[in-house]
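Worksheet: one structure, shown below.
Read-outs: derived from the displayed coordinates by stated rules, not from any lab. Keep in mind the model is a prediction, meaning the values are calculated, not measured. We place every Cβ from the backbone using ideal geometry, glycine too, and count neighbours over all the protein chains shown.
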Amino acid sequence: MALDGIVISNIKHELNETIAGGRLYKIAQPESDELLLTVKTQNGQYRLIISANASLPLIYLTQENKPSPMTAPNFCMLLRKHLNNGRIVQISQPGLERILDIEVEHLNEMGDLCRKHIIAEFMGKHSNIIFCDNDTILDSIKHVSSQMSSVREVLPGRKYFIPQTVEKCSPVATSYDEFKSCVLSRPVNISKALYSAYTGISPVAAEEICFEASVSSDKPANCLEENESLHLYNIFDNIMDNIKNNIYFPNISYIGDEPKEFSSIPLEMFDRRTQFNSISELLKEFYSKRDALTRIRQKSADLRKIVSTALERSCKKADIQEKQLKDTEKREQYRIYGELINAYGYNIPEGSRSFTALNYYTNEEITIPLDENLSPQENAVRYFSRYNKLKRTFEAESVQIKETMAEIAHLESIAASLDIAVSEDDLAQIKEELIEAGYIHRHQQPSKKAKITSKPLHYISSDGFDIYVGKNNFQNDELTFKFANGNDWWFHAKNMAGSHVILRTEGKEIPDRTFEEAAALAAHYSKGHGQDKVEVDYVLKKEVKKPAAAKPGFVVYYTNYSMIAATSIDNIKQSG
């Protein structure tokens, strides 16, 4: 997901098309490692965000402003002193490095025309924004001393250079012979050979090149056939030609609703991807969605811990109860022993340690152990006593284990709800369910119930039918018993936690394709979403009943159809 040289090249082209020739109207430093440059051009005003954040370095154009600190940091003040109202001459990229050089023309104190450079380096924890006069560092947003790095000091007065810690080739102009020498001579897999041989090639881009060349990325580079090598080079060369000619395809690949990777070359190895007209739009969309998902996961961490702890405790309780239930399996044998002693015990000699009799239930002879110190009648009473004790234990444990299994199913359904929560309102509903179930103590009774606007997911099938998916148990109950009509279809993953899915019929006949899509949604939003296929039950909603005092989301049905459904929902359109 990191910015690679290809994406940086795309950004360079976009910035040269938009802000090159514009004037630096405002310079701000909203964060300790971030700049916000406002640029006025003939075509309007642009804002450029440059972040040297160690975990998330980025650069893109935006229309949004950010609040700045009351007192500007020293680095920001220095940039303002030198570059305010300066003209951006050009934006360049050395080779295909993850570096952008913004060259700014300005007048110095003497009125002479000068040029200085804002150099942004996007290299993970080594990311930095460096202000230079030719090759001399004037200052940087992060100072790097010799104690911090033995490779390069980034301090005022030091010379600026790009450290060559790993010897790599430039991919932009590579002949087939050079390609064979740099890549195909390496005894590592092809993907690794590509991104370790050339600057600017990320692992994702390397995997995509292998995919387009129909060559396994795991195959050792030095074991390729000549035709495979040539085909791989041609794909690589075509991509580099596009970069040289400023032809880019900014796109994001998704797994489910979550953005996974982005690039400025088409990621055809992924089934689901979205194309963007601008790399800035892509980066803004990608990082905002990732940030939202990360924030929801962080906020749900406490709830997940509560659910997992309760689930672990319930599973341990179920194991103990099952063991105790197994111990009661001999109860019927003890009852039969007692009955047979009562039936034939008149001829048992005193002091006998065992007694053989015909079992009139099976017509087989069985040997019954006896306590030699007890009379036959007392032995019979002892066996009946054991039987009654185990019978009571069996009845009690049967009820308890049923309750425990229901509790486990309920907790698993809540865990599944946490997996698909996409907003704070979703989490609020789940928390309310945990409070009502007694897993969380309510600190104080609210004077008025807070309004929660979380709604079920809404999809539209390929044939235009509405399909609704509950995101938690409260929504499941609402969908099934208040929203759905009797002749709507109800779907649920078989024998596992999952969402209730309602397919609205509106009195029309439903095509098979729509049934398959509704079943795919039930499979996807279930505990089995990590599998390729899941068995799904479906039934008319009027056949679904809720037992008295059942937990939220729990229903029963006695007649149903079933189908095997794929868990992928990439081709199903989501509404809103």
Checklist entry - If r is the Cβ-Cβ distance from GLU312 to ASP218 and R0 is 35 Å, what FRET efficiency results, to the nearest 0.05? => result 0.40
Checklist entry - Taking only Cα atoms, what is the 0 to 90° angle, nearest 10, from helix 5-18's long axis to the longest principal axis of the chain? => result 50 degrees
Checklist outcome for this item: Of all stretches in the chain that avoid chymotrypsin sites (Phe, Trp or Tyr not before Pro) placed in a DSSP loop and having at most 14 other Cβ atoms within 10 Å, the longest is 162-359
Checklist entry - Among the listed pairs LYS551/LYS573; LYS168/LYS284; LYS455/LYS551, which are separated by more than 23 Å between their Cα atoms? => result LYS551/LYS573; LYS168/LYS284
Checklist entry - Once the dipole of the chain is set up with Lys and Arg at +1 and Asp and Glu at -1 on Cβ about the Cα centre, which of SER170, ILE209, ASN16 lies farthest towards its positive end? => result ASN16
Checklist entry - For the Cα atoms of the chain, what angle does the longest principal axis make with the long axis of helix 203-212, in degrees from 0 to 90, nearest 10? => result 80 degrees
Checklist entry - For SER462 and THR38, FRET efficiency with R0 = 45 Å and r from the beta-carbon atoms, rounded to 0.05? => result 0.45
Checklist entry - Is there a pair in LYS180/LYS289; LYS219/LYS289; LYS305/LYS482; LYS305/LYS541; LYS482/LYS508; LYS323/LYS471 whose C-alpha atoms are over 30 Å apart, and which pairs would that be? => result LYS180/LYS289; LYS219/LYS289; LYS305/LYS482; LYS305/LYS541; LYS323/LYS471
Item to check | Given charges at Cβ of Lys, Arg, Asp, Glu: the chain dipole, positive-most of PRO67, LEU479, GLY345 | outcome: PRO67
Item to check | Point-to-point label distance, ARG272-ASP302, nm (Cα→Cβ direction, 7 Å offset) | outcome: 3.1 nm
Checklist entry - Which of LYS316, LYS546 comes first, and how do the rest follow, when ranked by fewest Cβ neighbours within 10 Å? => result LYS316, LYS546
Item to check | Dipole magnitude (debye, nearest 20) for the chain, charges at Cβ of Lys, Arg, Asp, Glu | outcome: 2040 debye
Checklist outcome for this item: Along the dipole axis of the chain (charges at Cβ: +1 for Lys and Arg, -1 for Asp and Glu; origin at the Cα centre), the most positive-end residue among TYR25, ASN238, ILE137 is TYR25
Next on the checklist: With n ≥ 4 as the cut-off for DSSP H runs, can you work out [θ] at 222 nm for the chain, using -39500 (n - 2.57) per run divided by the number of residues, rounded to the nearest 500?
Outcome noted: -12000 deg cm²/dmol
Checklist entry - Could you give the angle, 0 to 90 degrees to the nearest 10, between helix 424-436's Cα long axis and the longest principal axis of the Cα atoms of the chain? => result 20 degrees
Checklist entry - In terms of Cα to Cα distance under 20 Å, which aspartates and glutamates are near enough to LYS317, apart from those fewer than 8 places away along the same chain? => result ASP327, GLU329, GLU395, GLU397, GLU403, GLU407, GLU412
Item to check | Using a Förster distance of 25 Å, the FRET efficiency for TYR254-GLU535 (Cβ separation, nearest 0.05) | outcome: 0.45
Checklist entry - What size of dipole, in debye to the nearest 20, comes out for region 5-140 about its Cα centre when the only charges are +1 on Lys and Arg C-beta atoms and -1 on Asp and Glu C-beta atoms? => result 360 debye
Next on the checklist: Please compute one quarter of the surface area of the Cα convex hull for region 221-322 and express it in square nanometres.
Outcome noted: 12.2 nm²
Item to check | Separation of the ILE366 and THR294 label points, Cα + 7 Å toward Cβ, nm | outcome: 6.7 nm
Checklist entry - Which semi-axes, in whole Å and largest first, does the equivalent ellipsoid of the chain have when worked out from the alpha carbon gyration tensor as the square roots of 5 times its eigenvalues? => result 68, 29, 27
Next on the checklist: Taking the number of other C-beta atoms within 10 Å as the exposure measure, put LYS323, LYS299, LYS180 in order starting with the fewest.
Outcome noted: LYS323, LYS299, LYS180
